[in-house]
Amino acid sequence: MPDIKLFFTPGACSLAPHILLHETNLDFTPLLIKPNGLEVDFPSDYKALNPKMRVPVIVVDGEVVTEVPAICTLISQLSPNNKIMGATPLETVRIYEWLNYLSGTVHAAGFGLLFRPWRWTVSGDEEVHVGIKEKARENIRAAFELIEGRLTEESTFALGDELTAVDAFLYPLYRWAVVSAFDLVPYPKLGSLIRRLEGRESVRIVLEKEGLERVTEL
Ligand SMILES: N[C@@H](CCC(=O)N[C@@H](CS)C(=O)NCC(=O)O)C(=O)O
């Protein structure tokens, strides 16, 4: 049995691997990194673990891995019978296509700008930050529109009838849109997907462990 540790912050993108570790029934130790408002209270020795100073980090038998798509891949490799990274080579390609978009565009160029605009300009001017946040909201709306267009009513999950890493990553992104007061009415298929995810045991356990409430109606 591999020794698996997951460093997470409640409600952060670390929700994605946290959910997948429960979906795959792998034994692991969750290690809490406390939030402090918009910042995160990283312990003083965290920089040695992840010089990028971000969650999630997974450590498997001493091997440190960062970045959500890489961590999802590792979890999938530790549980070869699951289909979280796709059942066929083409499905795996499609999953990377999604994960790259969710990580690079929706997370970084959307919520990254919205939550911490000061990191994207040398200006300390509050008005500049407000402008960046407005642009971030525009980026997020455009991304959600694209995602909504890719989902189908016939499929249980984003890419068909099996839960994949894409669903697990969509979950924190949708939660952030809820807490950021986005109008989510224009994305009914995405909303239904999130409701189905919140009905799963893995998500219910993770929400309880992270001390979070569900964001859809029962
Ligand atoms: N590209 C990274 C992004 C990681 C990231 O930005 N994590 C956030 C939480 S969602 C974080 O650690 N934020 C703390 C900070 O930005 O100071 C990944 O996919 O893991």
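The values are calculated or read from the model by the stated rules, or taken from the named source; none is laboratory data. The structure presented is a predicted model; accordingly, all values stated were derived computationally and were not measured. Every residue, glycine among them, receives a Cβ derived from its backbone with ideal geometry; neighbour counts consider all protein chains shown. Remember, those area values only see protein heavy atoms, side chains included, never the ligands or the DNA or RNA. Shrake-Rupley method; radii C 1.70, N 1.55, O 1.52, S 1.80 Å.
Taking residues in region 21-39 that are farther than 20 Å from ILE84 by Cβ, and partners anywhere that are within 15 Å of the ligand (Cβ to nearest atom) and assigned to a loop (DSSP other than H, G, I, E, B), the pairs with Cβ atoms closer than 7 Å and at least 6 places apart or on different chains are ILE33/THR9; ILE33/PHE42; ILE33/VAL55; PRO35/THR9; PRO35/PRO10; LEU38/ARG116.
Restricting region 19-38 to residues that are open to solvent by less than 80 Å² (accessible area, probe 1.4 Å) and within 12 Å of the ligand (Cβ to nearest atom) leaves a set whose member that is nearest to ARG119 (Cα to Cα) is GLY37. Within region 7-18, the residues that satisfy the criterion of being open to solvent by 10 Å² or more (accessible area, probe 1.4 Å) and among the small types (Gly, Ala, Ser) are GLY11, ALA12. Taken over region 40-57, the criterion of being more than 7 Å from the ligand (Cβ to nearest atom) and open to solvent by 60 Å² or more (accessible area, probe 1.4 Å) is satisfied by ASP41, SER44, ASP45, LYS47, ALA48, PRO51, LYS52. Of all residues in region 109-121, those that are without any contact (Cβ under 8 Å) to a residue 12 or more places away in the chain have Cβ atoms under 7 Å from Cβ atoms of residues that are open to solvent by 50 Å² or more (accessible area, probe 1.4 Å) and more than 8 Å from the ligand (Cβ to nearest atom), 6 or more apart or on another chain, in THR121/VAL128. Give region 58-72 a look and list any residue that's without any contact (Cβ under 8 Å) to a residue 24 or more places away in the chain and within 13 Å of the ligand (Cβ to nearest atom), or say none. Listed by number, the residues that qualify are VAL64, VAL65, THR66, ALA70. Please tell me if VAL122 is loosely packed, with under 13 Cβ neighbours inside 10 Å and farther than 18 Å from VAL166 by Cα. Criteria met by VAL122. Across region 83-108, the qualifying residues are those that are in contact (Cβ under 8 Å) with a residue 60 or more places away in the chain and in contact with a Pro (Cβ under 8 Å, 6 or more places away or on another chain), and the one among them that is farthest from PRO56 (Cα to Cα) is LEU99. Of everything in region 95-109 that is more than 10 Å from the ligand (Cβ to nearest atom) and surrounded by 18 or more Cβ atoms within 10 Å (Cβ to Cβ), the residue that is farthest from THR24 (Cα to Cα) is VAL106.
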